[in-house]
Amino acid sequence: MALDIESFELLLATVQRFVRDRLEPAEDILEDSDEVPADIVRDMKELGLFGLTVPEEYGGIGLSMSQEVLVNYELGRTAPAFRSVFGTNIGIGSQGILMDGTPEQKRAYLPKVASGELIMSFALTEPDAGTDAASLKTRAQLDGDHYVLNGTKRFITNAPRAGAFTLMARTGGPGAGGISAFIVPANTPGIKLGKKDKKMGQRGTMTCDVIMENARVPAANIIGGVPGQGFKTAMKVLDRGRLNISAVSCGAASRILDESAAYARDRKQFGKAIGEFQLIQAMLADSQAELLAGWSLVQDVARRFDGKPAHVSDPDISMRVSCAKLFATEMVGRVADRGVQIHGGAGYINEYPVERFYRDVRLLRLYEGTTQVQQLIIGRELMRRD
Ligand code: COS
């Protein structure tokens with residue numbers, strides 16, 4: 001599944017222009033209001049951003065993984081909250097249906113996801129199940145042809161905007177094999193949202209708890225129709241999600257580097273531009289080299305997904321995804337830190353984008369699997385090999 005080269009180049013150029021001319025100038029408004037302006041959301045829908053990954057047969061654009069990371073790189077160059085509006089739709093919110101859903105589920109949900117009529121969100125994490133996702137406690141009890149859901153999901157991105165959740169709950173015994181993935185409409189009686197989380201950065205993104213008290217969901221809403229497959233679905237979804245976060249990290253690093261180089265060219269001390277001093281150049285050089293290394297890795301891993309059916313997983317690719325997420329998200333943390341350092345005291349003032357990026361990129365090392373989870377996945381895969 002991929003868009004033809006000519007159409008894709010046109011799309012990529014449009015996204016680049018949209019980021020530069022429309023989103024970057026709105027970053028301060030976003031930061032102050034903690035909200036993505038409604039006219040920007042409307043333009044995103046018109047551009048087709050909500051349907052980037054949904055196949056054409058369901059009304060989307062149907063990008064390949066290699067194409068998707070290129071688009072996410074461009075979106076990474078601005079505040080993450082803009083991408084977040086549709087990020088769960090093209091990513092973790094809907095991919096479970098695309099990968100493992102029944103033909104009926106795909107037909108019922110994917111066209112609405114692609115048009116942006118339906119916002120989907122991914123609900124795995126719980127108060128007591130973060131890194132140890134297989135220990136989740138949300139209970140789904142069979143009652144006739146429905147399941148009754150009870151439990152709490154935590155830090156759920158886009159929950160206040162969501163029309164439906166891909167939600168993991170326990171239908172069976174302990175461990176990963178007892179988990180099923182459900183499509184849960186947000187307006188199901190018994191579902192409540194917690195208050196909006198106050199975060200360190202990424203202002204304009206919306207996260208909160210999703211609380212279920214006897215919420216009844218049709219048994220037909222189990223993704224793929226077979227209970228006990230939900231953990232695997234979630235892990236496959238996260239494989240792609242983690243690579244997209246790696247691409248966003250590279251995009252963010254490129255913007256921070258551009259801002260830092262521009263500042264170094266402009267700012268004068270000791271009678272000349274600070275960029276003429278080799279100690280400043282060394283920081284820029286390290287950031288440039290690390291960015292190129294990370295981006296090469298992300299593109300290499302993306303190519304390995306292309307041409308493979310979405311529902312099939314490959315432990316070697318999962319391991320490489322973890323390498324990409326580990327490296328790219330840590331890399332952008334270092335690039336942001338150097339960016340603030342190059343700006344000096346000005347880098348600590350929110351007049352400059354590096355101050356905001358410094359806070360925004362911190363989350364990239366945490367969500368969709370911490371750096372330590374990525375290390376664990378890589379280490380375990382290496383130990384499995386002869
Ligand atoms: N694709 C397909 N299947 C996968 C998979 C993948 N990437 N990763 C694991 N599985 C399968 C395993 O093969 C195993 O199947 P079998 O029981 O048939 O052998 C099953 O899922 C359980 O896997 P595993 O034993 O590795 O589970 P663990 O409980 O040890 O969990 C970690 C492993 C820690 C890696 C996992 O819980 C994880 O990724 N945690 C972080 C969660 C996360 O990213 N949260 C963020 C939420 S979204 S913001």
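Derivation of every value follows stated rules applied to the coordinates shown; laboratory data play no part. No experiment lies behind these values; they were computed from the predicted model shown. We place every Cβ from the backbone using ideal geometry, glycine too, and count neighbours over all the protein chains shown.
Taking the Cα centre of the chain as the origin and placing charges on Cβ (Lys, Arg +1; Asp, Glu -1), which of VAL41, SER322, GLY379 is farthest toward the positive end of the dipole? The listed residue farthest towards the positive side: GLY379. Divided by 2.2 N^0.38 Å, where N counts the residues, the Cα radius of gyration of the stretch 204-256 comes to 1.68.
A DSSP coil position with no more than 15 other Cβ atoms inside 10 Å describes the following trypsin sites (Lys or Arg not before Pro) in the stretch 60-167: LYS137. Within the stretch 335-386, the trypsin sites (Lys or Arg not before Pro) that combine a DSSP coil assignment with at most 16 other C-beta atoms in a 10 angstrom radius are ARG385. By the beta-carbon count within 10 Å of each Cβ, the least crowded to most crowded order of GLU46, GLU276, fewest first, is GLU46, GLU276.
Helix 371-384 and the longest principal axis of the C-alpha atoms of the chain enclose an angle of approximately 70°.
Ellipsoid semi-axes for the stretch 206-331, based on the Cα gyration tensor and the rule √(5λ), read 43, 19, 9 Å when sorted largest first.
Given their separation in residues at 0.36 nm each and the Cα-Cα distance between them, ARG107 and ASN350 gain 82.9 nm when the chain is fully extended. Of the residues LYS198, LYS325, the one with the fewest other Cβ atoms within 10 Å heads the list, and the complete ranking is LYS198, LYS325. Separation of the stretch 299-316 and the stretch 117-175, taken as the distance between their Cα centroids, equals 26 angstrom.
Computed as a quarter of the hull surface, the mean projected area of the alpha carbon convex hull for the stretch 4-67 stands at 4.9 nm². By how many degrees, between 0 and 90 and to the nearest 10, does the Cα long axis of helix 5-18 differ from the longest principal axis of the chain? Taking the Cα atoms of the chain, the angle to 5-18 is about 70 degrees. Taking the chain as a Gaussian network of alpha-carbon nodes connected by springs under 10 Å, the highest mean-square fluctuation of the residues SER135, SER249, SER318 belongs to SER135. A dipole drawn for the stretch 86-131 from +1 and -1 charges on Cβ atoms has a positive end, and of GLY87, MET99, SER115 the residue lying farthest that way is SER115. Under the criterion of Cα pairs below 8 Å and six or more residues apart, the relative contact order for the chain equals 16 percent. The Rg/Rh ratio of the chain, with Rg taken over Cα atoms and Rh as the Kirkwood radius over Cα pairs, comes to 0.98.
Seen against the Cα atoms of the chain and their longest principal axis, helix 38-47 is set at about 80 degrees. Quick check: the distance between the Cα centres of the stretch 336-386 and the stretch 55-115, to the nearest angstrom? If you average the Cα positions of each part, the centres end up 24 Å apart.
Charging the Cβ of each Asp and Glu at -1 and of each Lys and Arg at +1, and nothing else, the dipole of the chain about its Cα centre rounds to 820 debye. Within the stretch 45-184, the percentage of alpha carbon pairs spaced more than 28 angstrom apart rounds to 22%.
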